[in-house]
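Since the structure comes first, as structure tokens, the remarks are kept for the end.
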Amino acid sequence: MVVRSHLALLEEVDLRSASFTRDPYPTYEILREHDPVHHSRELGMWLVTRHDLVLEVLTDGRRFGKRWPAGTEPAGEGDTGAGLPASMLETDPPDHTRLRRLVAPFFTPPAVARLAPRVEQIVDELLADLDGRTELDVVADFALPLPIRVVTDLLGLPAADHDRFRHWTEAYVRSFDVTQGPEVREAGARAHQALADYFEVVVRERRATPAADRPQDMLSDLVGAHEDRDVLTEPELVSMCILLLFAGYETTFSMIANGIRLLLRDEDARRIVLEQPDRRKAACDEIMRYESPVQRVGYITQVETELGGVALRPGDVVLAGLGAANRDPAVFADPERLDLTRNAAKHLALGRGIHYCIGGPLALLEGSIAIPAFLQRFPALELVSDEPAWAPTSAHRRLTHLPVRVQGGVAATGPHAEESGGGRSGEDGVAAEARTLLAPFASAPDPRDAYRALGAARLLAPSWPRELGGRGLGRVEDCQVLEALVAADVPDTLYVTTVQVVGDVLLRWGPEHLRTRLLPALAAGEAFASVLFSEPAAGSDLASISTSGVFEADGTVTIDGTKCWSVATPWATHALCAFRDAGSTAGRYRDLCLAVVPLSAPGVEIVALPTVQPETLHEIRLRGVVVPQENLVGGRGDAWTIISGSISSERTGFDYLGRARRWLDALAAVSGPDTVRSLEDRFRGAQALARRGAVLADARGAQDTDAAVVKLVCSELAQDVAQRASELVAVSTDTPDGPLRVLHHAWREAPGLTMSAGASEVLVDLAASALPDSALESW
Amino acid sequence: MTSAVHDDVATGVRRLVEEELAVAGVTSGDAAVAALASLGLLDCERPEAVGGLGLGLAAGIEVFVALGRLGVDSTPAQAVVAALDALAGVPDHGDVVAALRSGALPCAFGEPASSDHAGLLAGPDGTVRLVGTTVDESAREPAGWHARRCLRSAAFLAGAADGAYQHAVRQARERQVGGAPLLAKQLVADRLVRTLADVRVAWSACHAAARAHDAGRLVDDAGPAALRLAGATAGAATRGLVQLGGARALTDLSPAWSWHRLVQVELERTREWR
């Protein structure tokens, strides 16, 4: 077809786009047909999508391998980030052969078959824990715990560490995706380092145990290989443990979760799995073909060669598109259909060649036991939403959660809400759930109970990872919660400071102990945070900050100074405080540090400052406040970089949209809908703009210009609505009831509406400094 | 292609039209119809079941965004696409559909039909008629037809606004005043940033409404609302371009003149739709 061929040739495939992550298959179809060895200019890599060509890459070790040919290695490559050698996943023969031989005996078909009773036992235990539930998350409650328990059993690791493994491996695996930004790669490196530290201790402890007393598990065998047979160095041993841990469950849990989702949508397929036990493993093959958990695997071209008519040079990176190959109609008839009766043995979901997934048979065993057992235990389940919550990566087909409910039961959790059209129509999922949860707290002056209600449903910070109290969703959902808070007239500034500012900074730059302890408390509504940046003599000019911190030899820092214009601080338990390193002379910006200060610490005094607005501002006096240096966020002198890099996260526009919506409704009630039509049109446009901004920010991170434009539009809209209110409503010191009370609030809020995180003039200046050539080209 | 239209396809359609029409040197509305026909894009919105490409409205409106950005009159193309849209509910007129799709049967809104020119009449009673060709019976307007034609026009205006914005930014960067680019003047920069914001708002409203349409959730008023927004934006953007260009922009020596005229014609043509 003319259009498709042109699209393939002209369109740079954006592997980072949210739409590609949601549904990569139409793009695969175009590429397979017209550009099967596609060069991504953005990544500088080749994406291979046709089955025969992918197979070539996977199996021809002479032409495609895992190591860089001499002279082609990019700067910064060469180790795994934790000082460890490459795992067998990343090595070529002969190292690969030596390493694979060590663990291969554990994964032979007879060895795997012997694990079946244990897998069945774990499945039964997990299902027993779910008895009586009418709503659950298939990912968190079943698909994820099963393979983690199986692989930690195999390795001989303690069950108490499951949550840590999951957290680390999620971050580590996500960093494999070459399309992810530095933030994700850094998080992956941190997680990998944590895994390496963990296994170094485990190996040391195991080696301290006499060989005869060691448990009979894979770890003992590998330690023996290191000690007795001298075929495995200690760093290689640690590297192998890490590989076995993440490879042991990542693919399996996705296959189980994807499979359950697909079968809940397809009654015929479900019947095959339930009624034909001999087809269960083949069904798992088809599920992996249809939604391949690993969508692409990177290889490095070793020699001058040609692939699909394209000339490749040594060092060229080739992404073998497993997910694309598995939908190739040249190999699989009607490939876009899930067909559990087909022979899908030619699928490449587990790779091929020497890097064929060694744990593949175990994955199939787990899937063939777990999926039918789950469906038998819950025969009347339904998906809460048809819109799957895919993790924000196109390298994996990984669900972050899969809410289901027993038919006739109560709704469980919300899905990814669609970016929708005009007005308030089409809002569902998280937005609707948040509105329901917030209804009892409407107009509550103290928002904390409302936040706790959201926190209990993991909805206060839905974009945060599950282990930190969120749902692993996106910025769109965070914004929907914010919009719902404002719509319910629940004070939102504490939410903005707690989740969007402090939470965002801690997620990206926080030390591990604050990430793992404070963030879950913030997400649950058990702790709250405010921001201490501005000062009386400096305003919001960070370069003029005079609050100082003395780094003491005992590992503490003593902070003195005065902060101001702080909102919601009396409700907060912690604050993110910017101060100047008293011992540094690096410069006005490079002296600045950030630390989390408990507001209950001695020396903290909070003084209210009356304002013309409904909301009170505060001055915070810090007199010799001592905090541990481990509360430092980033390193000494990193504050400027962190604050500059995070401020766009706050400029979503949704707080203003929520206000504008509430005030427009009140205006329409008082003066009739015809009087606000042009404002309604602007509201639709601003809402579409903010949603688009959130979708793009999810896909490629918040961009300063984009965020500034969104906030400019939304805050000025809210201000104009408030202005219209003051024109139509008689201002009175008596607080009227109903819509008039809402409009009275609008009038009082109007003066401060464009101020937070930059007034209009600042936003215009920011956008003007990087004015794009076209308004739409990157939008 | 799945029924779910996604951004990559929409962006690809826009780029395809822009590149192909630029290469072909298309400057008139009629030439645009011919070029779109050769690309197979005149019938790209409608479902495959009725012979369209099934790309949906979110991709379809990008054809008109592209025409707007190029500054090419979209009236003839809008008429053909709207006629095809109207015929989705009229069986047994494959010959007319084929003629429309190939660009061989030009259309006009509300104009008297001649033997070689079909007239598309949208009546106040919700009927749409193609007259002057083999289809002359009344057909009930397909659901959402008016909203879709509003969105195509809105997309065209959003595209034209972006075209005007691009010219304005270029001019503000190139033109020197007092030894510095015009863009260094804060009031000029302020105006351009606000135009940037308005263009994005207008396009986002079109895009969101089209996506809602493709998901079966279009709100009735979303099409006219997007058209009102895009119309106001395009009018302001082209006025701003003329003002930035000074006296020269009041003449045909400057492209500002043609942008302004293009937008004013479209605003006048769609006055009753809003």
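Taken together, the values in this text are just the output of simple stated rules run on the coordinates, not laboratory data. Quick caveat, the model's predicted, so the values are computed rather than measured. Quick reminder, even Gly has a Cβ in these numbers, built from the backbone with ideal geometry, and neighbours come from all protein chains shown.
A few remarks follow.
- Lys, Arg +1 and Asp, Glu -1 on Cβ, resulting dipole of the stretch A:157-213 about Cα centre, debye, nearest 20: 100
- Spatially, the stretch B:20-82 and the stretch B:220-246 are offset by 21 Å when compared through their Cα centroids.
- Under 12 Å, Cβ to Cβ, from A:P447 - net charge with Lys/Arg +1 and Asp/Glu -1: -3
- C-alpha long axis of helix B:29-39 to longest principal axis of chain B, angle in °: 70
- In a DSSP loop and with at most 16 other Cβ atoms within 10 Å, the GluC sites (Glu not before Pro) in the stretch A:283-333 are A:E304.
- Between 0 and 90°, nearest 10: helix B:57-70 axis offset from chain B longest Cα axis: 40
- The distance from the alpha carbon centre of the stretch B:139-191 to that of the stretch A:242-315 is 46 Å, rounded to a whole number.
- When you filter the chymotrypsin sites (Phe, Trp or Tyr not before Pro) in the stretch A:558-602 for DSSP loop state and at most 16 other Cβ atoms inside 10 Å of their Cβ, you are left with A:Y589.
- The stretch A:454-532: relative contact order as a whole-number percent, Cα under 8 Å and 6+ apart: 34
- Inter-label distance for A:E630 and B:R173, nm, one decimal - labels placed 7 Å from Cα along Cα-to-Cβ: 5.1
- Cα gyration tensor shape of the protein assembly as shown, rounded if a/c is under 1.5, else prolate or oblate by comparing a/b with b/c: oblate
- Chain A - mean residue ellipticity at 222 nm from DSSP helices (-39,500 (n - 2.57) per run, n ≥ 4, rounded to 500): -14000 deg cm²/dmol
- Filtered GluC sites (Glu not before Pro), the stretch A:601-663: DSSP coil and at most 15 other beta carbons within 10 Å: A:E615
- In terms of its alpha-carbon gyration tensor, the stretch A:219-331 comes out oblate; a/c meets the 1.5 threshold, while b/c is at least as large as a/b.
- A:L617 long-range amide H proximity, modeled H, under 5 Å: A:L609, A:T611
- Sequence-separation-based contact order of chain A, relative, with Cα cut under 8 Å and 6+ spacing, percent: 11
- Distance in nm between pseudo-label sites at A:H34 and A:R204 (7 Å out along the Cβ direction from Cα): 5.8
- Helix-only CD estimate at 222 nm, as mean residue ellipticity for chain B, using -39500 (n - 2.57) per DSSP H run (n ≥ 4): -20000 deg cm²/dmol
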